[in-house]
Every structure is written in structure tokens, then in C-alpha cells.
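This report refers to the structure that appears directly beneath it.
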Amino acid sequence: MYPTHRPRRLRRNAAVRSLVRETHLQNEQLIYPVFISEGSERQTPVESMPGIYQFSIDGAIGECSVLYEKGIRNFLIFGLPQQKDENASSAYDDRGIVQRALRTMRKELPDSILFTDVCLCPYTDHGHCGIVKDGIIANDESVELLARTALSHARAGADFVAPSDMMDGRVGAIRSILDENGLSDIGILSYSAKYSSAFYGPFREAAHSAPQFGDRKTHQMDPANRLEALKEMESDIQEGADIIMVKPALSYLDIIREAKDRFILPIAAYNVSGEYSMVKAAAMKGWVNERAIRDEILLSIRRAGADMIITYFAKDLALES
Ligand code: PBG
């Protein structure tokens with residue numbers, strides 16, 4: 001080894017360092033989440049997520065067009081419906097907020113890739129991800145409605161539907177309903193290993209989707225578990241997922257790495273709301289260098305094995321590029 005080998009030779013200057021750099025972060029690998037609400041010309045800031053807004057459909061088009069020009073071409077759409085009820089009926093309404101947004105975005109940004117979050121929590125009056133029966137989230141009834149929701153998104157112009165509910169069997173049910181309806185080209189990005197996480201806190205303000213009672217621990221995974229994540233990912237692949245996701249990202253880099261080593265399909269990671277807000281808050285206090293810490297975090301998620309990252313930071317990165 002030393003003195004024959006001197007690793008510092010490869011760190012000598014910026015040019016050499018960039019020659020041997022193993023991981024890169026590119027705009028093409030980022031997916032930007034967009035929150036869409038009713039109305040027109042509306043842009044409501046999400047207090048806990050500086051820089052993030054709930055947009056009316058026209059506002060979302062404006063925002064996404066700017067990012068599109070800067071090379072962010074992948075969007076994950078979340079809807080904030082006007083009506084919530086126990087059956088989440090506006091989730092699978094062909095005139096629902098997401099469905100209308102999709103039709104407009106498909107037309108205005110034809111070459112963008114549109115992903116939609118498929119879950120019932122923003123649409124149920126109790127805020128749970130499924131239908132509640134006798135105080136319990138009923139799996140199979142919920143899956144039926146999730147599949148209907150995915151179908152209506154696909155019909156309205158989604159390229160990929162992204163089930164985030166963590167019900168059992170939903171990927172298979174969605175694959176079947178899409179295929180039966182002549183939509184076999186529409187893909188599924190599954191939130192496969194989704195943990196029950198405190199890092200979703202700010203999102204629930206953004207999407208008005210906090211559960212009114214109880215929590216999500218009967219469907220989202222226990223942060224202590226690793227084998228369970230592998231099992232979830234494997235079963236989603238068997239059921240027909242095209243891309244699998246690990247969420248959150250930062251506290252679960254080990255799971256991302258294992259997924260990458262084990263499975264032969266693209267891996268997505270969701271750099272979630274709490275991960276974003278913590279950086280923004282510390283930066284606003286002047287306690288960290290925002291750009292440097294953001295880039296280090298996103299690079300670490302790529303290095304762990306994520307092929308693509310869903311991140312609220314996509315906007316800042318785009319505007320800087
Ligand atoms: C819907 C959903 C959630 C997130 C994405 N889809 C919230 C949750 O499960 O409670 C979280 C995203 C984020 O925190 O940025 N089920």
C-alpha cells in the first residue's frame with residue numbers, strides 16, 4: 001500500500017475529482033411533487049415547506065412549465081378535493097381534481113411524464129388511506145376503490161400511477177384493471193417499502209390528509225424492519241410493479257441499497273416533506289449551508305442506489321440550473 005498507493009492523487013484538484021466521481025445528480029432523475037387544489041389563479045403557500053404551494057390547475061401548469069423548460073420533466077400529482085366523504089368518492093370521479101389536472105397538463109405539457117399518487121387519504125372525511133369498517137381499515141374494499149382511482153387517472157392521461165396506500169394486493173388489482181381496460185402501456189410506480197414515519201408531518205398540512213383518529217401503523221411499515229421491506233418489494237414486483245419505491249429516503253438508505261442489489265428494476269426514493277422542511281428550517285436560521293447540505297443529501301440517496309428521486313428540492317435545483 002502506502003507509499004506506492006496514495007489515494008490523494010485522485011483528489012488533487014477539481015478536474016481530477018470530477019474525472020473519478022462515481023455518482024451524479026441530474027435533473028432527468030428528479031420527480032417534482034405538485035399539490036393541486038380547486039379554483040383558478042390560486043397559489044397558497046404550505047407554511048411548513050417554504051417554496052412549496054398548493055396550486056389551482058392553471059397555476060400548476062405555470063409552475064410545471066417553468067420547471068419543464070429547466071429540464072425537470074417528471075411530475076407527481078397530488079389532489080386536494082373539495083369534497084371528502086367516507087367512500088372517498090372524489091378520488092375516482094372522472095371530473096375529480098386530479099383527473100381534470102391530468103387532462104390539462106397532458107395537453108399543455110405533452111412530453112412530460114405524469115405520475116399520480118393513488119391513495120384515499122386526501123379524499124376520505126376521516127383521513128385514512130382506505131375504507132373504515134367497524135374502526136378498521138378494510139383491505140379488500142379499499143383495494144377495489146384504489147384500482148378504480150388508478151383507472152380513472154390512467155384514462156385522464158397519467159403515464160404512471162403510484163399507489164401509496166400500502167394495502168395488500170393493490171398493485172396486482174391495479175395491473176389487472178388497467179390491462180382489462182386496454183391500458184397495458186400505463187406503468188405502476190409502487191410505494192413498496194413505505195414506512196410509518198414522522199417525516200411525513202409537513203406533507204399532511206400540504207395535502208390536508210392527516211388521519212382524524214388513530215394512525216397508519218396497521219398498513220405502513222414499522223421503521224425497525226428490513227426483511228419486511230424486501231418482502232413487500234418482492235411481492236409488488238410479482239404483482240406487476242414497473243418501478244419500486246423506498247420511502248422516506250434519508251433514514252432508509254440501507255433499504256435503498258439492498259433493493260438496488262437485489263432487484264432488477266428501477267428503484268425510486270422519496271425524499272419526503274420532513275426531510276425537506278428540516279433543511280429549510282435549519283438554513284433559515286443560518287445553521288447549515290442549504291445548497292451544500294441539500295446536494296449532499298440527494299447525492300447520498302443516489303449513491304445508496306436510487307435511480308430516481310422524488311423531491312421538493314427539484315424546483316430549487318431547476319431554477320439554479
Ligand atoms: C399519501 C401520501 C403521503 C405521502 C405521500 N403520499 C402521506 C402519508 O402516507 O401519510 C408523504 C409524502 C411526504 O411526506 O412528502 N398516503
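Tabulated data
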{"read-out": "Region 12-148 - percent relative contact order, Cα under 8 Å, separation 6 or more", "value": "21"}
{"read-out": "Percent carbon-and-sulfur accessible area, region 24-320, ignoring ligands, DNA and RNA, probe 1.4 Å", "value": "49"}
{"read-out": "Karplus-derived 3J(HN,Hα), 6.51/-1.76/1.60, for each residue of region 277-290, Hz, glycine and proline x", "value": "5, 4, 5, 4, 5, 5, 5, 5, 7, x, 8, 9, 8, 4"}
{"read-out": "Rounded if a/c under 1.5, otherwise prolate or oblate - region 40-187, Cα gyration tensor axes", "value": "oblate"}
{"read-out": "Other-chain or far-sequence residues with amide H under 5 Å of Val272's (modelled H)", "value": "Ala249, Leu250"}
{"read-out": "Folded to 0 to 90 degrees: helix 57-69 orientation relative to the chain principal axis, Cα", "value": "30"}
{"read-out": "Built amide H within the under 5 Å cut-off of Gln54, gap 5+", "value": "Thr44, Val46"}
{"read-out": "Packing-based ranking, highest mean first, of 242-252, 310-320 given that Cβ atoms within 10 Å are counted", "value": "242-252, 310-320"}
{"read-out": "Cβ-placed point charges (K, R +1; D, E -1), dipole of the chain about Cα centre in debye, nearest 20", "value": "1780"}
{"read-out": "Cα gyration tensor shape of the chain, rounded if a/c is under 1.5, else prolate or oblate by comparing a/b with b/c", "value": "prolate"}
{"read-out": "Percent RCO, i.e. relative contact order, over the chain, from Cα pairs under 8 Å lying at least 6 residues apart", "value": "18"}
{"read-out": "Vicinal HN-Hα couplings computed from phi for region 227-237 (Karplus, 6.51 cos²θ - 1.76 cosθ + 1.60; Hz; Gly/Pro x)", "value": "4, 4, 5, 5, 5, 4, 5, 4, 6, 5, 5"}
{"read-out": "Distance from region 63-87 to region 1-28 (C-alpha centre basis), Å", "value": "39"}
{"read-out": "Region 166-316: mean projected area of Cα convex hull, nm²", "value": "10.3"}
{"read-out": "Sparse-neighbourhood loop sites, trypsin sites (Lys or Arg not before Pro) in region 181-226 - DSSP loop, at most 16 other Cβ within 10 angstrom", "value": "Lys217, Arg226"}
{"read-out": "Region 118-229 - accessible surface per residue (Å², probe 1.4 Å)", "value": "39"}
{"read-out": "Region 36-51 versus region 241-285: alpha-carbon centroid distance in Å", "value": "24"}
{"read-out": "Probe 1.4 Å, accessible area per residue of region 25-71, Å²", "value": "43"}
{"read-out": "Highest-first arrangement of 168-178, 36-46, where packing means the average Cβ count within 10 Å", "value": "168-178, 36-46"}
{"read-out": "Whole-Å distance, taken between Cα centres, linking region 289-304 and region 170-207", "value": "26"}
{"read-out": "Residue-wise HN-Hα coupling along region 29-46, computed from phi with Karplus coefficients 6.51, -1.76, 1.60 (Hz; x: Gly, Pro)", "value": "8, 9, 10, 9, x, 10, 9, 10, 10, 5, x, 9, 6, 10, 8, 10, x, 8"}
{"read-out": "Residue among Ala281, Ala193, Ala91 with the largest mean-square fluctuation in a Gaussian network model of the chain, springs linking Cα atoms under 10 Å", "value": "Ala281"}
{"read-out": "Angle in degrees between helix 97-108 and the longest Cα principal axis of the chain, rounded to the nearest 10", "value": "60"}
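The values are calculated or read from the model by the stated rules, or taken from the named source; none is laboratory data. Computed from a prediction, not measured in an experiment: that's the story for all the values here. Cβ coordinates were reconstructed from backbone atoms using ideal geometry, including for glycine residues, and neighbour counts include every protein chain displayed. Side chains included, ligands, DNA and RNA excluded: accessible areas come from the protein's heavy atoms. Shrake-Rupley method; radii C 1.70, N 1.55, O 1.52, S 1.80 Å.
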